[in-house]
Amino acid sequence: QVQLVESGGGLVQAGGSLRLSCAASGLTFSNRGMGWFRQAPGKEREFVATVNWNGISTAYADTVKGRFTVSRDNAKNTAYLQMNSLKPEDTAVYYCAARGAAGSRSRPDQYDYWGQGTQVTVSS
């Protein structure tokens, strides 16, 4: 079956960095757009970043632009989210998601598969 497994979350001080990974199995990873979303307590799930099938096309939420970088390694069936200059407001559970198509998209309903999430906590 399809599995998306996030890792790399944790507790970090403001200004620090984390790199999230999303390992995919059970699907053809290399022809799917991938996305990262996050959900803070009491808030709706929100878009963070997306990358198309070959890693060339990316898009970011305004709140993370210039600080986060999304990438992928199709040989490893893995997507990444490099997070720098972290702020307390970045605290959330981070989810990766896989589309049923090659392009990058920013709405949760445009994704077919989701991981279980990884907690990121940024202390001030």
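The values are calculated or read from the model by the stated rules, or taken from the named source; none is laboratory data. Everything quoted here is computed from the prediction, not taken from an experiment. Note that each Cβ is placed from the backbone with ideal geometry, even for glycine, and that neighbours are counted across all protein chains shown. Accessible surface is based on the protein model in full, side chains and every heavy atom, while ligands, DNA and RNA are left aside. Shrake-Rupley method; radii C 1.70, N 1.55, O 1.52, S 1.80 Å.
Residue-wise test of (1) closer than 26 Å to residue 1 by Cβ; (2) touching a strand residue (DSSP E or B) at 6+ places or on another chain (Cβ under 8 Å); (3) hydroxyl-bearing (Ser, Thr, Tyr).
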| position | (1), (2), (3) |
| --- | --- |
| 44 | no, no, no |
| 47 | yes, yes, no |
| 58 | no, yes, yes |
| 73 | yes, yes, no |
| 81 | yes, yes, no |
| 85 | no, no, yes |
| 88 | no, yes, no |
| 101 | yes, no, no |
| 109 | yes, no, no |
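In the condition set (1) within 19 Å of residue 21 (Cα to Cα); (2) within 14 Å of the chain's Cα centre (by Cα), residue 75 is compliant with all but (2).
Of all residues in segment 42-68, those satisfying the criterion of being among the charged types (D, E, K, R) and either open to solvent by less than 40 Å² (accessible area, probe 1.4 Å) or assigned to a strand (DSSP E or B) (or both) are 46, 67. Scanning segment 31-41 for residues that are modelled with pLDDT of 95 or more and either open to solvent by less than 10 Å² (accessible area, probe 1.4 Å) or not in a strand (DSSP E or B) (or both) gives 32, 33, 34, 35, 36, 37, 40.
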